[in-house]
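The values are calculated or read from the model by the stated rules, or taken from the named source; none is laboratory data. The structure displayed is predicted, hence computed values, not measured ones. Note that each Cβ is placed from the backbone with ideal geometry, even for glycine, and that neighbours are counted across all protein chains shown. To get the accessible areas, we keep the full protein, side chains included, count just its heavy atoms, and leave off ligands, DNA and RNA. Shrake-Rupley method; radii C 1.70, N 1.55, O 1.52, S 1.80 Å.
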Amino acid sequence: MVIFNKIIQNIVCAVTLLFVTTNAYSTSFKTLRTGSGISAILYSTKNPANEKNLHVQVPGDSNIYYGGLTTIPIEDTIRMSIDDTVYYLKLSEPVEPSFFVSLTDITAGETFEIQLSAQGNFTIDCGNGNVQTINRTDTTNTTYSCTYISGGNYTVGIGGLAISYSATISTAISFYSSAHAATHPNRAKMTGISGDLGQIFPILNATTSGSPRFYQTFRNTAITSMPPELFASVQGAPTNGMFYQTFYNCSGLTSIPAGLFSGITGAPATNMFYQTFYNCSGLTSIPAGLFSGITGAPASSMFSGTFQNCSGLSGSIPAGLFGNLTGAPATAMFGNTFNGCSGLISIPEGLFSGITGAPASSMFSGTFQNCSGLISIPEGLFSGITGAPASGMFQDTFNGCSGLSGSIPAGLFGNLTGAPAGAMFNRTFYDCSGLTGSIPEGLFGNLTGTPASMMFNRTFFGNTGLRGSSAKSDGQYLYEKWPDAGDGCYGGNAWQNLDDAASIPSTWR
């Protein structure tokens, strides 16, 4: 590639020349403003020997400027003639970075990658003199890279404005590459971020192609904090998968800014906060009102795994954390939300109070699993649930909550009626060894009908502190209603201290 160049002094600002029409000449342009005009630096990939045929003509000026080595005034358009074919070029203003990434201890020859799927004009300033101007005309997920000849610390600046997004689950921008997960420098060397990412990738409209997704944007990076304004310009309703694994495995994060998602308002969307902070083990608290703008009926997997394995979280879950949710449950809406949050000690009353209606499959599956620090379950936690059971609805909900003490609240699971569903209470209180007292009458509602597979599989396994009688439904012991459906419901010696221990069939032990 032949570069027509000229040393330019007193650079004031930069602009970019972009083709208005498509042609096969494959010429790109970078222009630098000096004083009162533009001095063009042209790059050509066709017949470099014919450089005398490459020239720029300014509208209203009869002169022809060969090689682009002249100073021209800023105009709306520039007319360019190549081999007697006329093209009109558009002048655009410079795209200044508004978001920055800090790279630490980059080694010589190392490459840093950025994935984009948004349409629009963007700038990537690699921090080593390499500034890339990118005009994206589609939403194909594409990787851009910065390669560093010399080792050291660098700041990468990103600017621009998206004008459309992919309608499928694809990231507007991400610094994580699954193809290079083992060797990618982002994992250990992307240590800081600053600026408003939403300024570059705002919500454009309510359509799927008008909303950005920050899919795995910072996954596996070594960032330790995030700016409060990170998503400040993301204003409007969420879209499906909007913050899908955004901070997944960012174990160095210690806090979440209050108001991080304050611009997100409206009805929930499927997978909107799916595993957003998964394995962020350094987090110590959740700010009140983090999702306060969310209102309306639940969506499937909306908070699935959001704080899963955040073992550093301590204290209580903030009251009103999930906004003003009202309406019927959705599939896996809180599946594994706090699974592995062993430092949490309490659940606020009314956390799910707005959710009412018939169960959905896996709606609270694993929600508090392995939260060994929890000491109690508030009354009425799921009291709004009514109607026929759904498969896996309370599977593993409190599995491994060994710190729970006292009795199980009466009416915990609402007013269930109708035929059993598969795995509906599969391992619900598995290894909750601190629970004491009796099992409340009617804990599982008024269930009747043909038993379903694994419906009470190991429900109270290992709960040796339980006293009183085993669980009943409509005044009957569960094992009397469904003799062959025990699946070790009272296994792990949970049966031994119950009043009716001698009558409990072996299949229920």
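Where does each of 311-324, 241-254 land if you order them by average Cβ count within 10 Å, highest first?
In decreasing order of mean packing, 311-324, 241-254 become 241-254, 311-324.
Sum up the charges of everything whose Cβ sits under 15 Å from the Cβ of residue 431, counting Lys and Arg as +1 and Asp and Glu as -1, but leave residue 431 out.
+1
Give me the net charge of residue 491's neighbourhood, meaning all other residues with Cβ under 13 Å from the Cβ of residue 491; Lys, Arg count +1, Asp, Glu -1.
Every neighbour counted, the sum reads +1.
Could you tell me what percent of the accessible area of region 208-332 is made up of carbon and sulfur, with a 1.4 Å probe and every protein chain present?
Carbon and sulfur: 46 percent of the exposed surface of region 208-332.
Mind ranking 495, 508 by accessible surface for me, highest first, 1.4 Å probe?
Descending order: 495, 508.
Sort 490, 430 by heavy-atom solvent-accessible area, probe 1.4 angstrom, most to least.
430, 490
With every protein chain kept in place and ligands, DNA and RNA left out, what is the accessible area per residue of region 415-466? Probe 1.4 Å, answer in Å².
Using a 1.4 Å probe on heavy atoms only, each residue of region 415-466 averages 33 Å².
What is the sum of charges around residue 222, taking Lys and Arg as +1, Asp and Glu as -1, for the other residues whose C-beta is under 13 Å from the C-beta of residue 222?
+2
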